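The structure appears right after this line, and notes come after that.
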């Protein structure tokens, strides 16, 4: 009897202990039926290859295998360059980034050509809504700036310069993208957008300019690049009557103010060096004017001249 009681007590304890374990196990393996991937706060969900859409898989394979016709069809059917391809090891890449990574300049050319088909009204609507950074051209510029090798960047620059319409659109896109890019303070990206004509003083859809963002993040090399290499006029007033130096002066940071003062002093020295300086050298060809009044007494009469001055050389061509 005692043995059976012990068995009952032990089995009761096992059951009691197993209940919370089952509850915890069920909590850890409960299926998420909401369709939303739950993650810790501030972390992106882990990517799996299975989440890539079939259409995007096809175009990604076309990029890898350099099949430009497939990509061209993808674009013409409304395919987006910000579609994500989920790779192994929880990595992901957009269609635009894949084009740059595989250095498919023919594909980039198709993107630029596709932009030519966008009507002026459509483009203005994108500008008004602040969506030009999300257009195919905008996404392509962002990817080339971020990941492009020097040769890819050079070919892209040569490509957009061939068409005035594309060049104007490129400048607008580059100016819109620049405030975001400058926060990374990557000089390669900043200089590439500068080559495309990005204006650091132009405000984006959020009302902020690249100059403001550079000042906030203390990206001095960007400010120096715009002033010295891109030759942006920091003394020129914008539509609001404000200069770039006025913008910099609004920030009370001592380090930024010291840097601004140096920029202004350099500008003054450059202007001074360009001014014409008086020359102390006497020109051999300097025109001389005869005196207005000649003293008759200073003239030497012919008969008073030495004989050597009036005689003609014996073998001169003027001799008799």
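May I ask you to verify whether residue 261 is closer than 15 Å to residue 200 by Cβ, at pLDDT 90 or above and either surrounded by 10 or more Cβ atoms within 10 Å (Cβ to Cβ) or out of contact with any strand residue (DSSP E or B) (no Cβ under 7 Å at 6 or more places or on another chain) (or both)?
No; evaluated as a whole, the condition is false for this residue.
When residues of region 220-238 are filtered for being surrounded by fewer than 21 Cβ atoms within 10 Å (Cβ to Cβ) and within 14 Å of the chain's Cα centre (by Cα), how many remain?
4
A quick yes/no check of all residues on (1) within 30 Å of residue 147 (Cα to Cα); (2) part of a helix (DSSP H, G or I); (3) modelled with pLDDT of 95 or more:
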{"position": "5", "(1), (2), (3)": "no, yes, no"}
{"position": "12", "(1), (2), (3)": "no, yes, no"}
{"position": "16", "(1), (2), (3)": "no, yes, no"}
{"position": "27", "(1), (2), (3)": "no, yes, no"}
{"position": "39", "(1), (2), (3)": "yes, no, no"}
{"position": "63", "(1), (2), (3)": "yes, yes, yes"}
{"position": "79", "(1), (2), (3)": "yes, no, no"}
{"position": "82", "(1), (2), (3)": "yes, no, no"}
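What tally of residues in region 137-163 results from selecting those that are part of a helix (DSSP H, G or I) and farther than 23 Å from residue 186 by Cα?
So the count comes out to 1.
Which one of these is surrounded by 19 or more Cβ atoms within 10 Å (Cβ to Cβ) and closer than 15 Å to residue 114 by Cα: 148, 142, 138, 194?
Just a single option satisfies the conditions, and that option is 138.
Looking only at region 83-100, how many residues end up being surrounded by fewer than 18 Cβ atoms within 10 Å (Cβ to Cβ) and farther than 16 Å from residue 57 by Cβ?
2
Give me the pairs, please: first residue somewhere in region 251-265 and closer than 13 Å to residue 234 by Cβ, second residue anywhere and surrounded by 10 or more Cβ atoms within 10 Å (Cβ to Cβ), beta-carbon distance under 6 Å, and either six or more positions apart or on two chains.
259/220; 260/248; 263/227
Quick one: is residue 166 in contact with a helix residue (DSSP H, G or I) (Cβ under 8 Å, 6 or more places away or on another chain) and either free of Cβ contacts under 8 Å to residues at least 40 places away in the same chain or outside any helix (DSSP H, G or I) (or both)?
So residue 166 does not fit the description; no.
Give all pairs with beta carbons closer than 6 Å in which a residue from region 116-144 that is modelled with pLDDT under 75 meets a residue that is assigned to a helix (DSSP H, G or I); count only pairs at least 6 apart in sequence or on separate chains.
126/132
The values are calculated or read from the model by the stated rules, or taken from the named source; none is laboratory data. Note that the coordinates shown come from a computational prediction; the quantities given were computed from them, not determined experimentally. As a convention, Cβ positions derive from the backbone with ideal geometry for all residues, glycine included, and neighbour counts pool all protein chains shown.
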